[in-house]
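The next block holds one structure in the form of structure tokens; read it before the comments.
The values are calculated or read from the model by the stated rules, or taken from the named source; none is laboratory data. Remember, predicted model here, so these are calculated numbers, not experimental data. Reconstructed Cβ throughout: ideal geometry from the backbone, glycine too, with neighbour counts over all protein chains shown. Side chains are part of the model used for accessible areas, which takes the heavy atoms of the whole protein and leaves out ligands, DNA and RNA. Shrake-Rupley method; radii C 1.70, N 1.55, O 1.52, S 1.80 Å.
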Amino acid sequence: AQVDPKTLAILEYAQRITRDATSLTQAEIEELRTRGLSDEEILHAAAIASYFNYINRISDALGVELEAR
């Protein structure tokens with residue numbers, strides 16, 4: 001899908017958080033700022049990505065399965 005550069009930056013950041021948040025560097029945060037994200041937008045992206053990761057891990061740990069529709 002085609003997305004604007006700012007949205008792409010957010011998606012890439014969310015992917016980095018999901019794969020290995022501990023390896024993120026201050027330089028990467030600065031790069032987000034140069035790509036047009038405010039500190040508030042960076043915080044929101046981090047919080048949302050982290051929350052989804054948390055919920056997925058809790059669901060997996062408890063063996064939650066999706067309901068058939």
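Here is the P(r) of the stretch 1-68: all C-alpha pair distances, binned every 10 Å from 0, give 19, 45, 23, 12, 1 in whole percents. Using a cutoff of 8 angstrom between alpha carbon atoms and counting only pairs six or more residues apart, the relative contact order for the stretch 1-60 works out to 44 percent.
Only the Cβ atoms of Lys and Arg (+1) and of Asp and Glu (-1) were treated as charged; on that basis the dipole of the stretch 3-69 about its Cα centre amounts to roughly 100 debye. In the chain, the portion of solvent-accessible area held by carbon and sulfur atoms comes to 57 percent [1.4 Å probe, whole percent, DNA, RNA and ligands not counted]. Pick out, from S38, Y54, A1, the residue whose Cα sits farthest towards the positive end of the charge dipole of the chain, with +1 on the Cβ of Lys and Arg and -1 on the Cβ of Asp and Glu. Checked the options; the winner is A1. Distance between the 7 Å Cα→Cβ label points at I42 and E67: 4.1 nm. Average accessible surface for the stretch 4-52: 68 Å² per residue, computed with a 1.4 Å probe over protein heavy atoms with every protein chain in place. Screening the chain for whole DSSP H helices of 15 Å or more along their axis (Cα) with average Kyte-Doolittle hydropathy at least 0.0 returns 39-62.
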